[in-house]
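The values are calculated or read from the model by the stated rules, or taken from the named source; none is laboratory data. Predicted model only: the values in this text are computed from it and were never measured. All Cβ positions, glycine included, derive from the backbone under ideal geometry; neighbour counts span all protein chains shown.
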Amino acid sequence: MIELLQGLRVIECAVLPTGDHAGRLFGDLGADVIKIERPGEGDYLRELGEMMGPHNSAFHLYANRNKRSLTLNLRTDEGRAIFFDLLRTADVFVDGFAGDACVRLGIGYEDQRAVKPDIVYCQTNGFGTQGPYGQIPVHGYMMGAVAAAVTLEEQDDGLVHEVPAPPETYFAGQLDGPLMGATFGVMTALAALDRRRRTGQGAYVDAAGADAIVFAQSTDTLLTWNAGRLTKPDNNAPPTSTHPRKRPKYTFYRTKDDKFVMLAAIEHKFWDNFCRAVGRDDLRDVKDPTVTVDFQIPDGGRTDLIDELKAIFLTRTAAEWVDVAVTYDIPLSPANQREDLLDDPHLQARGVIHESIHPEVGPFTSPGWPALVSGQSFDIARPAPSIGQHSDEILTELGRGAAIEGLRQRGVV
């Protein structure tokens, strides 16, 4: 179990992935995360997408693991009183709502500061609160749309279509805006906690998924923004949209066992290592990956360097090519497809693939934690809870155990 944040208490109010993932990230690192849900309704994510069982979507099982659930009607005075009692015991509040929803409930940042001046308030949503889009409810694709993560064109049918990334793009593909926003929100909140340790000051963090996508695809974005100021380097990685024949040293190949690997030997020393490993010193002097090199073949025709490499890669399995990469110091790796991930020995060794048993739906496979911590291993201490599963437990901790039945009858919990 990763216990880096053990002793930290986080209160989360969220109903969709951005805020849910922020709370989950804290919980995965060992914090006590209390998810507050509206009685009788709960997190929308429970019912969103493909289902593992009644009220248990796959997204819910993942995004709400390592949390406790407390149902609380924050539109009532009694509900808000319980909330502020709980807040006094907390370090971080995660607000996953759009705009000023928590302010309108009477539990916004200024309301919380009046009760707990050093609270770290982490709001994570699609567009943030500052700026003209701040009140717009957001789904994940909208974050990518604002952040220019998709390329669009109107086609002959008059409809707007998503099209492949433009030429000269290095890292093409849609990013998970909710998860990216949650990640940067939590990272900033943890920095705020460190400042609080030093100064006693709390903080308000305004994190947005759209902003995070801009940041995460900055390799391509900064080239676009600075297009008129750049010169082409002599030895640069070719963008992913470059035709394979123009980048034979930096592209994908099929292997003997019908898997894929990627070769990325654009530096001279790595290309030399590859040529030595496959016994083809005659290829070492090919310097420029965009140069077409002629080789004679029996029928009197010609072939390019990539055709030579295609034949070479078909002589070994993907696992054998990994051994070659390790032995000869070559940037060469498996190019997994999604169905390959569960069997990848490297990902298995790092614990990226986590197998668990949920008490309601049974076996469940999900990502673990993407960074290893010495002496600790990741596990799910608390499977994603049923709505209100921990209400009695948490209320008892707050000294309200005797009042639970009355609170339930009045619809507060």
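Summary table
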read-out: Condition met for residue 181 (modelled with pLDDT under 95, in a helix (DSSP H, G or I), within 18 Å of the chain's Cα centre (by Cα) and closer than 20 Å to residue 16 by Cα); value: yes
read-out: Residues of the range 374-396 satisfying the condition of being surrounded by 15 or more Cβ atoms within 10 Å (Cβ to Cβ) and free of Cβ contacts under 8 Å to residues at least 40 places away in the same chain; value: 392
read-out: Selected residue (only one of 221, 199 is over 30 Å from residue 111 (Cβ atoms) and among the hydroxyl-bearing types (Ser, Thr, Tyr)); value: 221
read-out: Which listed residue, of 159, 175, is exposed (fewer than 13 other Cβ atoms within 10 Å of the Cβ), assigned by TED's automatic domain parsing to the domain that holds residue 21 and more than 27 Å from residue 404 (Cβ to Cβ); value: 159
read-out: Among the candidates 124, 129, residue that is within 24 Å of residue 180 (Cβ to Cβ), assigned to a loop (DSSP other than H, G, I, E, B), under 26 Å from the mean Cα position of the chain (by Cα) and β-branched (Val, Ile, Thr); value: 129
read-out: Candidate set: the range 326-339, residues that are of a type in the set (A, V, I, L, M, F, W, C) and touching a residue at least 40 places away in the same chain (Cβ under 8 Å); chosen: the one surrounded by the fewest Cβ atoms within 10 Å (Cβ to Cβ); value: 335
read-out: Unique match (being among the polar types (S, T, N, Q) and farther than 16 Å from residue 219 by Cα) among 135, 174; value: 135
read-out: Qualifying residue in the range 188-195 (condition: free of Cβ contacts under 8 Å to residues at least 40 places away in the same chain, surrounded by 12 or more Cβ atoms within 10 Å (Cβ to Cβ) and charged (D, E, K, R)); value: yes
read-out: Residue count for the range 184-199, restricted to those that are of a type in the set (Val, Ile, Thr) and closer than 15 Å to residue 121 by Cα; value: 2
read-out: Breaking point among (1) crowded, with 17+ Cβ neighbours inside 10 Å; (2) of a type in the set (Gly, Ala, Ser); (3) in contact (Cβ under 8 Å) with a residue 24 or more places away in the chain, for residue 53; value: (1)
read-out: Qualifying residue in the range 262-270 (condition: over 29 Å from residue 164 (Cα atoms) and assigned by TED's automatic domain parsing to the domain that holds residue 19); value: no
read-out: Failed item, numbered, when residue 18 is tested on (1) of a type in the set (Val, Ile, Thr); (2) part of a helix (DSSP H, G or I); (3) farther than 28 Å from residue 127 by Cβ; value: (3)
read-out: Where residue 292 falls short, out of the listed (1) at pLDDT 90 or above; (2) touching a Leu at 6+ places or on another chain (Cβ under 8 Å); (3) closer than 28 Å to residue 171 by Cβ; value: (1)
read-out: Enumeration of residues in the range 340-361 that are more than 22 Å from the chain's Cα centre (by Cα) and free of Cβ contacts under 8 Å to residues at least 60 places away in the same chain; value: 357, 359
